[in-house]
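Notes follow the structure.
The values are calculated or read from the model by the stated rules, or taken from the named source; none is laboratory data. Since we're looking at a predicted model, the values are computed, not measured. Note that each Cβ is placed from the backbone with ideal geometry, even for glycine, and that neighbours are counted across all protein chains shown. SASA here: full protein model, heavy atoms, side chains in, ligands and nucleic acids out. Shrake-Rupley method; radii C 1.70, N 1.55, O 1.52, S 1.80 Å.
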Amino acid sequence: MKNFDLQIGIKIANQAFLLETQRNLNDVEIIVIQGAWNREEYDQMAAKHQYATSYLSQDVAPKLWKTLSKALGEKVKKGNLKEALKRYYEQQLISESEKIDRTLSDSEYSPEIVQTKINYATIDALISDCYIERPPIESICYETLLQPGSLIRIKAPNLMGKTSLINRVLTQVAAHNYQTVSLSLELADHKTHFSNLDKFLRWFGINLSRELGVPNQLEDYWDEAGMGSKVSCTSYFEEYLLAQADSPLVLCLDDVDLLFPYPEIYEEFFGLLRSWYEKARSRQNWKKLRLILAHSTDIYIRLNINKSPFNVGLLIELSEFTHEQVQDLAQQYGLENESTWVELLMSLVGGHPYLLKQAFVYLKSHPDVAREDLLAAAPTEAGIYGNHLREFWLNLQDHPALAIAFQKVITSPSRVQLEPLSAYKLQSMGLVQLSGNEVEPRCQLYRQYFSARLGL
């Protein structure tokens, strides 16, 4: 299987673990998974991350392997983890395909187009080999990262291709012997790590060490009472992590908007990143640092303009695919002779990268499906987007104010104005697109599905 690397393995392990335990993997469990993936012994993992060997081998690991064995449906141990995760991934795809085929005769459609229950991370892994260039964005990002002390901000709603672009650019600079660290704040335990600044910065420092493959020496530099957490974190980064880097270091932080609801953290952390950016533009050792910040909405939080990393550097905004890019994508999936049907699909989902790829992936696996049936079922619970649409529906049910705002959007024949925070949140989710101060549904798929859901 192509591109089945450690990061995808951790995502799939976390997905299975979450379904089994209702919680995400914690830091030490990820350390054990990473070590097992790299064929390390427990004493090597312990030494690298400053844990007791007995704690990892006799406490953490046995519980982890037992839970993953239940979640993956086979006996899991340190020696077969990578292979077990691969098999689990492949079995998901096969079983969902068979499940769809078995339901064909039961539908009002002929055949029924049923949404598979593979989560976004798995679908992203499946389609990762298909990448559409967005010139000149890739070359601009690449050339910017070659400059000492550079910073790039990548903004786009969820599922619009931020991660794919980041992976593409990091691969390019890694080929020039740059060190790269990509860390998503989605991996943090929000209840624990977002509870106060010190816990968050400790999580941040530990994970930077893990991603760089160096031992965790956090306690040697940390003095919360004397220096404070921000100075301690800066000292750890400058005197330990950056000092060991013999080549430029690209630090990418994804999903940074997850911090927006936590002002007691974001004000200090974003100010810290801004100070690192300023140091990287003037101090020799810091010039090795390049920063990438990715977020899914406009910055609606309050930050001192001199302490914000969101008003400096290069801003990259990802838009939907152009008509030409959609045709290129269709060709990659072997649909180059179906331009008329692709046009009809675009009239429903626009140039939305995720929605287009999901349809193309399905058709590649089910080439005999009637195209008109796929389009007819698409905005329904039975369609290929059913799971995706239900995720939005459930999210809106948990946020009644957003649901009311979105109802206003889909019932209006033209663009409407919303209270700014609601507009930004709906844009972040990917449900609407902004045009000046006005919004409209991102695509007809959303308008049709939610109009039916709300009985409009």
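Against the main long axis of the alpha-carbon atoms of the chain, helix 400-411 sits at an angle near 40°.
For residue 364 and residue 175, a Förster radius of 35 Å and the Cβ-Cβ distance give a FRET efficiency of 0.75, rounded to the nearest 0.05.
As a calculated quantity, the FRET efficiency between residue 66 and residue 23 at R0 = 22 Å, using C-beta atoms, amounts to about 0.90.
Pull out a ≥ b ≥ c, the square roots of the eigenvalues of the alpha-carbon gyration tensor of the range 159-288, then state rounded if a/c is under 1.5, prolate if not and a/b is larger than b/c, and oblate in the remaining case. Write down the numbers at each step before the final one.
Details: a/c = 1.65, a/b = 1.13, b/c = 1.46.
Since a/c reaches 1.5 but b/c is at least a/b, the shape of the range 159-288 is classed as oblate.
Placing a pseudo-label 7 Å from each Cα along the Cα-to-Cβ vector at residue 281 and residue 395 gives an inter-label distance of 3.4 nm. The 3J(HN,Hα) values that the Karplus relation (6.51, -1.76, 1.60; θ = phi - 60°) gives for the range 273-283 are, in residue order, 4, 4, 5, 5, 4, 5, 4, 5, 8, 9, 9 Hz. Gly and Pro appear as x. Where the alpha-carbon atoms of the chain are placed on the principal axes, they occupy 66, 53, 42 Å, in descending order. For residue 338, no residue whose modelled amide H falls within less than 5 Å of its own remains once neighbours fewer than 5 places apart on the same chain are excluded. Label 7 Å along Cα→Cβ of residue 133; the range 171-203 residues with amide nitrogen under 15 Å? The answer is 172, whose backbone nitrogens lie closer than 15 Å to the label point. Within the range 374-444, the ratio Rg/Rh, alpha carbon atoms throughout and Rh by Kirkwood, equals 0.98. Gain on full extension, evaluated as 0.36 nm per residue between residue 343 and residue 246 minus their Cα-Cα distance, stands at 29.9 nm. In order along the range 203-215, the Karplus-derived 3J(HN,Hα) couplings, from 6.51 cos²θ - 1.76 cosθ + 1.60 at θ = phi - 60°, round to 4, 4, x, 4, 6, 4, 4, 4, 5, 7, x, 10, x Hz, and Gly and Pro are given as x.
Shape of the range 325-437 from its Cα gyration tensor (a ≥ b ≥ c, root eigenvalues): rounded if a/c is under 1.5, otherwise prolate when a/b > b/c, or oblate? Judged from the Cα gyration tensor, the range 325-437 comes out prolate (a/c at least 1.5, a/b above b/c). With N counted as the residues of the range 270-388, its alpha-carbon radius of gyration over 2.2 N^0.38 Å works out to 1.58.
Computed from the C-beta positions of residue 158 and residue 225 and an R0 of 41 Å, the FRET efficiency is 0.55 to the nearest 0.05. Under a 5 Å amide H cut-off, with hydrogens placed 1.01 Å from N, residue 292 pairs with 152, 251, 252, 253 among residues at least 5 apart or on other chains. Taking amide H atoms as placed 1.01 Å from N in the peptide plane, the amide H of residue 188 has no partner under 5 Å among residues 5 or more positions away or on other chains.
Here's the picture: a label point sits 7 Å out from the Cα of residue 412 along the beta-carbon direction, and within the range 436-456 the residues with their amide nitrogen under 13 Å of it are 436-442.
Think of a 1.4 Å ball rolled over the protein heavy atoms: the chain then has 45 Å² of accessible area per residue.
Translational diffusion of the range 16-83, estimated by Stokes-Einstein from the Kirkwood radius over alpha carbon pairs at 4 °C in a medium of 1.567 mPa s, is 108 µm² per second.
Secondary-structure-derived ellipticity at 222 nm for the chain, considering helices only, amounts to -15500 deg cm²/dmol, per-run term -39500 (n - 2.57) for DSSP H runs with n ≥ 4.
Computed in the context of the full set of protein chains, the accessible area of the range 198-338 at 1.4 Å probe radius has 43% of its extent on carbon or sulfur.
For residue 287, the aspartates and glutamates whose Cα comes closer than 13 Å to its Cα, not counting residues fewer than 8 places off in the same chain, are 238, 246, 278. For the chain, DSSP calls about 25 percent of its internal beta bridges antiparallel. The spread of Cα positions in the range 340-393, taken along each principal axis and listed from longest to shortest, comes to 30, 21, 17 Å. In terms of Cα atoms, the Rg and Dmax of the range 246-337 work out to 18.0, 56 Å.
Classify the range 190-260 as rounded, prolate or oblate, taking a ≥ b ≥ c as the square roots of the eigenvalues of its Cα gyration tensor: rounded when a/c is under 1.5, otherwise prolate if a/b is larger than b/c and oblate if not. Oblate is the answer for the range 190-260, as a/c is 1.5 or above yet b/c matches or exceeds a/b.
Coupling constants for the range 232-245 follow from the phi torsions by the Karplus curve (6.51 cos²θ - 1.76 cosθ + 1.60, θ = phi - 60°), and in residue order they are 4, 5, 4, 4, 5, 5, 6, 7, 10, 5, 6, 5, 7, 6 Hz; glycine and proline get x.
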